[in-house]
1. Given labels modelled 7 Å from the Cα in the Cβ direction, how far is it in nm from N52 to Y18?
2. Please list the three semi-axes, largest first and in whole Å, of the ellipsoid equivalent to the chain, using sqrt of 5 times the eigenvalues of its alpha carbon gyration tensor.
Amino acid sequence: MTLDMAFWYEGEKYYLVYEYGEYRIVDHDWNRVAGNPNMLTLLTDPIEAWGNHSFKELIEQLEFED
C-alpha cells in the first residue's frame, strides 16, 4: 500500500494522503475525515465518520483503484 491512493467505501471515494505533517484520509472534496502523524495509528484507530470502525476493520469492504 502506498500513499496518495484512492479507494471507495459505501459508494464514497476517499484518498489516503500525506499533507500538513500527518497522514490523512480525505473525502472526494478533500475534506479531512481522519488524520494522524503515525500512519499505523491512522489505519488502526476508529474513524467516527465510519461508525467508529477503523480502516483495518473495514479493509475487506474497501474497493481500491489501480
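The numbers here are math on the coordinates, done by the rules we state, and not lab data. Being a predicted model, the structure only gives us computed values, none of them experimental. Neighbour counts are summed over all protein chains in view; Cβ atoms, including those assigned to glycine, are modelled from backbone coordinates with ideal geometry.
1. Computed distance between label sites N52 and Y18 equals 3.2 nm.
2. Rounded to whole Å, the semi-axes are 16, 14, 11.
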